[in-house]
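Asker: Sharing a structure with you now.
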Amino acid sequence: MEQRTRTGTAAGGTADRVRRGVRAGLAVAVAAVTLATVGGCAFGRPKINVPPPSWATASPSASYDPLHPTPTYSPSFDSYSPSPTEETFNPDGRSDVRGSGCDFSSSLRQFTYTVSITNPSTTSSYSYDMRIDWMKDRPADGSSYGEHQRSVVVAPGATETYTAKYTLNQASWQAFWYTCQITRAQKTKM
């Protein structure tokens, strides 16, 4: 009987197959690791906490709902208030006028009353058409002992003061009671 020996074929064929199998297995493993890494499944990347830039943060007036990605805005409106240069004009200027020192001099037979007019405007001059009355006080029946009229121009923000006077024509009188009253201060723009 004749024996033939193969040298290196059986063992070499098995070794080649094992090597090829190992190579193929390694190739599959490398491909799987590559796919898993690229896909982000197998190995997690380290997380770095970086604050978002200032332009990426929402303003306080905007709200974001993740279920409804369109942000909803609640607009805010500035309330209007007139600027300091805008002034309201009231032709009755009695609120701009103050009186003091309502008096009567028996030696001069004269009523006096000191009047101060302050123009509240910072931009306009006004002319005040004034009337002062010395009214009967007891009884207060609406009658006047005398009156004084005058027009006074007051510059913006200024105060003008003058003394209103009225002299009685009668030479003698009995005791009487009186009051001083600013009955008119008609204001017109100059």
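The values are calculated or read from the model by the stated rules, or taken from the named source; none is laboratory data. Just so we're clear, the structure is a prediction, and the values are computed from it rather than from any experiment. Cβ coordinates were reconstructed from backbone atoms using ideal geometry, including for glycine residues, and neighbour counts include every protein chain displayed. For the accessible areas, the whole protein counts, side chains as well, though only heavy atoms, and no ligand, DNA or RNA atoms are used. Shrake-Rupley method; radii C 1.70, N 1.55, O 1.52, S 1.80 Å.
Asker: Could you list which residues have their amide H under 5 Å from that of Asp137, counting only those 5 or more apart in sequence or on another chain, with H placed in the peptide plane?
Answerer: Under 5 Å from the amide H of Asp137: Trp177, Tyr178, Thr179.
Asker: So, one more: What is the distance, in nm, between label points placed 7 Å from the Cα along the Cα-to-Cβ direction at Arg131 and at Thr114?
Answerer: 2.6
Asker: Just read off the accessible area of Tyr162 with the full protein assembly in place, 1.4 Å probe, to the nearest 10 Å².
Answerer: Rounded to the nearest 10, the figure is 20 Å².
Asker: From the protein chains alone at 1.4 Å, what is the descending order of accessible area for Ser125, Ser172, largest first?
Answerer: Of Ser125, Ser172, the descending order of accessible area is Ser172, Ser125.
Asker: Which residues does a label at Cys102 reach in the range 156-184, if reach means a backbone N under 12 Å from a point 7 Å past the Cα toward the Cβ?
Answerer: 177-183
Asker: I would also like to ask the following. Residues in the range 99-142 near a label at Ala155, defined as backbone nitrogen under 15 Å from the 7 Å Cα→Cβ point?
Answerer: It comes to 118-127, nothing else.
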